[in-house]
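Please treat every number below as a calculation from the coordinates, not as lab data. Note that this is a predicted model, so its numbers are computed, not measured. Heads up, the Cβs are rebuilt from the backbone with ideal geometry, glycines too, and the neighbour counts pull from every protein chain shown.
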Amino acid sequence: MRNRLVPYFFVTPAMLLLITFGILPIAVAAVISTTNMNISAFASWSNVDFVGLDNYVQLFADADFWQALGNTGLFAVVGVPAIVILSLGTALLLNRSQNWFFRSLRAFYFLPAITAIVAISLVWSYLYNTQFGLLNYLFSLVGVPPVQWLSDPWLAKFSVALVAVWRGTGLNIIIFLAALQGVPKEYLEAASLDGAGEWRKTVSITVPLLRFAIFFVSVTTTIAWLQFFDEPFVLTDGGPLGATTSVSIFLYKEGFRLNQFGYASAGSIVLFVIIAAITLVQLRLRRADDEY
Amino acid sequence: MKRTAKTALAVAAVAGLTLGMSACSAPAEEASGPLTVWVMGDSGANFEKLVADSGIEVDVVAIPWDAIDEKLTTAVASGNGPDILQIGLSKLATFAEAGALLPLDDLIADHPDLAPENFPAGVSGLSTAVDGKIVSIPWTSDTRVLFTRTDILAENGIDAPPATWDELRADAKILAARGEGQYGYYIPQWDAPLPIEMTWSMGGEVIDADGNVDFDTPEFQKAVDLYTGLYADGSVPTNSDFDQTQGFISGIAPMLVSGPYLANGVASAAPELDGKWQASPLPAGDGGSISLFAGSNLGVWYNSDQVDQSLALLDYISQPEQQLAWYQLTGELPTVNAALSDATLNADPNVQVYTAQLATAKVLPIVANWDGVVGTGLLNALNSIVLTGADRTTALDAFFAETKGLSVK
């Protein structure tokens, strides 16, 4: 009987933190999402009324919310494969040698991940600037007319996503490089003896053995894209015309600019449900895999 | 990027902290120590200079214009606000609705210099009161006028800055025809008051007789004609990252409507252009040349424990000489009538244009969340028409529906 309680004792600290900073806020948001709470609540609590599911009804009728959902979906569909493939490819190439040049390249690729987002946005907004940006200057040298990187509603989505991909690969490259250390040399040597080429070894041995790392990176990257916020916030503030407004930006604007706390909470609950559902599906798919 | 958790947490924190707020909102005694003053934009150091001789200690916090909403939300929720804060007129109703501002009606009785009649009627007293209470004192004034590069206009056979919107549209077309990458006029895609200035100039209003927001008027349609027409003519740049000061200095966009801050920017960045540009009244429509009375007011935080000292500081900086000193430091125009009519101030021909424009200028309606709902909705509707070719009637109808039911406080 005593022994049965011991595990609970060990998980208590972690559980307390999770409940305080994970579950409780979600519960509070769920409660607020059924009220019309806005900034006037601070003047008097009598300004807060219970409105049931009105916020959700309004949310699903809100064209801006659907636009934000659509943008987030597009970001995830384009961004997740881009980051996974790019970082896996780069990691495989970087793993080919341990000499000083390759080691310094690792640091180089990791730099974007540890650079402050404000500095990144400043540099990229200068690169992207239509009038005096470097990219358009280079284009002008070969006679291409100015491109509206952040002003064209369609192109802006990809310009913003590109910065996020550039910024997101660094950490994942390190994760893949670490996982590559775990690929047994014997397998590769055996395959070489059997006459397998570089490409064959990579596709048939290395990548399958990286399966768990790929799964991990896919899940974390998907969640990151579903909560996409920093890059559009600093580069376009969700513009032009809401073209780069992700769900997180939409919620932030509703909650902290328009002070519609009830409405924003309803949106954050919807986003939470979406992320939880997608992650569960990914976990299920993973369970179907056979271990090597 | 754990944003949902963060958002949820912030909302929870906000909710939790407000529970404790009402308990500590009654200041018993006047405390001592420096006054905390929130100054908008990058004028913090200048504000310290301005009040250096007042004998009042201040602790100035500079708040970026785009961070004010977030800052306000957290300050109201936590009860930890400043003593005095600068408020853009378009935010006044939101601030007051949150209960962030101390009603000043009784307090200004002891400070005759803060009486509403010392300030232009449009921004003082009851015209900026919320729910019938005066919650702010005018501080700086700001308006929108037309700036033109007279040298470029003259080269293209235009003798004088356009006096009407029709002339402006025709001149802009001529100037845009100078070549590839050249424009006649510049419409900032973030400038929400511009279409409203156009509506006023066409003789319209954006508030109906009952105080409700109402854009569904023939005058607003004329303003939309003008706004979309300038784009249809190819007279304005379509990129959202166009820099108006650079565009004006380089001559790419030799005409634009902006505030006195543009004049300061141009004068300091390109002194060699002195005499080649000027300010002139906002172009007129059927309703005359009616511009925006922008500017900022100052308010006292609802639970400040140094109310008397705060009022003393407001009194000090409302003296005409301090108001003129502020103009010298920052280029922001005074609001005190005595300072606005000062002869030395009006010696500058550009300032004469500003002060004359201010005489007929109007403030944006004091509607809660004006910027967030009306301003953003208006820009989204108009820009979707001109930038993405959205259907005009659909876009405008959606905007009318969005703003239906909003009314003046």
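Quick check for me: using +1 on Lys/Arg Cβ and -1 on Asp/Glu Cβ, what's the dipole size of the protein assembly as shown about its Cα centre, in debye to the nearest 20?
Numbers: 34 positive and 68 negative charges, 821 e Å.
The calculated dipole for the protein assembly as shown is roughly 3940 debye.
In peptide A:22-31, how many Cβ atoms from other protein chains are near each Cβ within 10 Å, on average? It would help to have the intermediate numbers written out before the result.
Values: counts 4, 1, 4, 11, 5, 2, 8, 9, 1, 3.
Counting other chains' Cβ atoms within 10 Å and averaging over A:22-31 gives 5.
If you wrap the protein assembly as shown's Cα atoms in a convex hull and average its projection over all directions, what's the area in nm²?
Details: hull surface 159.1 nm².
The number I arrive at for the protein assembly as shown is 39.8 nm².
Evaluate 2.2 N^0.38 Å with N set to the residue count of the stretch B:105-158, then give the Cα radius of gyration divided by it. Walk me through the numbers on the way to the answer.
Details: Rg = 19.3 Å, N = 54, 2.2 N^0.38 = 10.0 Å.
The reported ratio for this selection is 1.93.
Looking at chain B from every direction and averaging, what is the projected area of its Cα convex hull in nm²? All intermediate terms of the calculation are to be shown ahead of the outcome.
Values: hull surface 86.8 nm².
The orientation-averaged projected area of the Cα hull of chain B comes to 21.7 nm².
Can you give the local net charge around B:Leu146? Use residues other than it whose beta-carbon is closer than 12 angstrom to its beta-carbon, Lys and Arg +1, Asp and Glu -1.
-1
Along the charge dipole of the stretch B:271-337, which of B:Ala312, B:Gly275, B:Leu333 sits closest to the positive end, that is, farthest toward it, with unit charges on the beta carbon of Lys, Arg, Asp and Glu (+1, +1, -1, -1)?
B:Gly275
Tell me the relative contact order for the stretch B:102-180 as a rounded percent, counting alpha carbon contacts under 8 Å between residues six or more apart. Display every interim value, and only then the final one.
Numbers: 50 pairs, mean separation 14.9, N = 79.
Across the stretch B:102-180, relative contact order equals 19 percent.
Per-residue counts of other Cβ atoms within 10 Å, averaged by peptide: what ranking do you get for A:22-31, B:233-242, highest first?
Details: A:22-31: 17.4, B:233-242: 20.5.
Those peptides, ordered most packed to least, come out B:233-242, A:22-31.
Check A:Thr35: other-chain or 5+ apart residues with amide H under 5 Å from its amide H, H built from backbone geometry?
Long-range HN contacts for A:Thr35: A:Val51.
What is the order of B:Arg149, A:Arg96, A:Arg286, fewest Cβ neighbours within 10 Å to most?
Values: B:Arg149 23, A:Arg96 9, A:Arg286 14.
Fewest-to-most Cβ neighbours within 10 Å comes out as A:Arg96, A:Arg286, B:Arg149.
Please give the average number of partner chain Cβ atoms lying within 10 Å of the Cβ of each residue in A:254-265, rounded to a whole number. Could the numbers behind the result be given before it?
Numbers: counts 2, 6, 10, 9, 7, 11, 3, 6, 1, 0, 4, 5.
Whole-number average of other-chain Cβ neighbours for A:254-265 is 5.
Quick check on chain A: helices-only [θ] at 222 nm, where DSSP H runs of length 4 and up contribute -39,500 (n - 2.57) each and the sum goes over total residues. Nearest 500, please. Let's see the in-between values first.
Details: 14 runs with 196 residues, N = 292.
That calculation yields -21500 deg cm²/dmol at 222 nm.
For the stretch B:103-248, report the convex hull volume of the alpha-carbon atoms normalised per residue, in Å³, without decimals. Numbers along the way, then the final one.
Working: hull volume 23.3 nm³, N = 146.
Measuring per residue, one finds 159 Å³ for the Cα hull of the stretch B:103-248.
Provide, for q = 0.24 Å⁻¹, the log10 of I(q)/I(0) from a solvent-free Debye sum over equal Cα point scatterers in the stretch A:240-285.
Summing over Cα pairs of the stretch A:240-285 leads to -0.81.
Which ordering of B:Glu180, B:Glu332 is given by a fewest-first count of other beta-carbon atoms within 10 Å? The partial results should precede the final answer.
Values: B:Glu180 6, B:Glu332 22.
Going from least to most buried by this count: B:Glu180, B:Glu332.
Which whole-Hz ³J(HN,Hα) couplings does the stretch B:276-290 yield from phi under the Karplus relation 6.51 cos²θ - 1.76 cosθ + 1.60, θ = phi - 60°, glycine and proline marked x?
Calculated HN-Hα couplings, in order: 9, 9, 7, 9, 9, x, 3, x, 9, x, 5, x, x, 9, 10 Hz.
Name the long-range amide H neighbours of B:Trp277: under 5 Å, sequence gap of 5 or more, or other chain; modelled H, no Pro or chain starts.
B:Thr150
Quantify how strongly other chains surround peptide A:237-250 by giving the mean number of their Cβ atoms within 10 Å of each of its Cβ atoms. Spell out each step's value before the answer.
Details: counts 2, 0, 6, 10, 10, 3, 1, 0, 0, 1, 2, 5, 1, 0.
Mean number of neighbouring Cβ atoms from other chains: 3.
Length gain on complete extension for the stretch A:Ser140 to A:Ala178, per 0.36 nm per residue less the alpha carbon to alpha carbon distance?
Numbers: separation 38, 0.36 × 38 = 13.68 nm, distance 4.23 nm.
That works out to 9.5 nm of additional length.
Residue by residue through the stretch B:109-119, what is 3J(HN,Hα) from phi via Karplus (6.51 cos²θ - 1.76 cosθ + 1.60, θ = phi - 60°)? Round to whole Hz and write x for glycine and proline.
4, 7, 10, x, 5, 9, 4, x, 5, 7, 10
With r as the distance between the Cβ atoms of A:Thr202 and A:Ala107 and R0 = 30 Å, compute the FRET efficiency 1/(1 + (r/R0)^6) and round to 0.05. List each step's numbers first, then the result.
Numbers: r = 24 Å, r/R0 = 0.80.
The formula returns an efficiency of 0.80 here.
What does the charge dipole of chain A about its Cα centre add up to, to the nearest 20 debye, if the Cβ of each Lys and Arg holds +1 and the Cβ of each Asp and Glu holds -1? Write down the numbers at each step before the final one.
On the way: 16 positive and 16 negative charges, 161 e Å.
For this selection, approximately 780 debye.
Please report, in whole Å, how far the alpha carbons of chain A spread along each principal axis, starting with the longest.
Per principal axis, max minus min of the Cα coordinates gives 78, 78, 30 Å.
Which value, in Å³ per residue, describes the convex hull spanned by the Cα atoms of the stretch B:311-409?
Dividing the Cα hull volume of the stretch B:311-409 by its residue count gives 162 Å³.
Given the pairs B:Lys49/B:Lys362; A:Lys157/B:Lys222; B:Lys222/B:Lys404; A:Lys157/A:Lys253, which span a C-alpha to C-alpha distance of over 28 angstrom in this model? Walk me through the numbers before you get to the answer.
Details: B:Lys49/B:Lys362 31 Å; A:Lys157/B:Lys222 33 Å; B:Lys222/B:Lys404 20 Å; A:Lys157/A:Lys253 18 Å.
Exceeds cut-off: B:Lys49/B:Lys362; A:Lys157/B:Lys222.
How large is ³J(HN,Hα) for each residue in the stretch A:147-155, as worked out from phi by the Karplus curve 6.51 cos²θ - 1.76 cosθ + 1.60 (θ = phi - 60°), to whole Hz, x for Gly and Pro?
9, 8, 4, 10, 9, 7, x, 7, 4
Compute the distribution of all C-alpha to C-alpha distances in the stretch B:234-319, in bins of 5 Å from 0, and list the percent of pairs in each, rounded to whole numbers.
With 5 Å bins starting at 0, P(r) equals 3, 10, 16, 13, 13, 12, 9, 9, 9, 5, 1, 0.
List every residue whose amide H lies under 5 Å from the amide H of B:Val61, counting only residues 5 or more places away in sequence or on a different chain, with H placed 1.01 Å from N in the peptide plane.
Amide H neighbours of B:Val61, under 5 Å, 5+ apart: B:Val37, B:Trp38, B:Val39.
Calculate the all-directions average of the projected area of the stretch A:1-147's alpha-carbon convex hull, and give it in nm². Walk me through the numbers before you get to the answer.
Working: hull surface 78.6 nm².
It is 19.7 nm².
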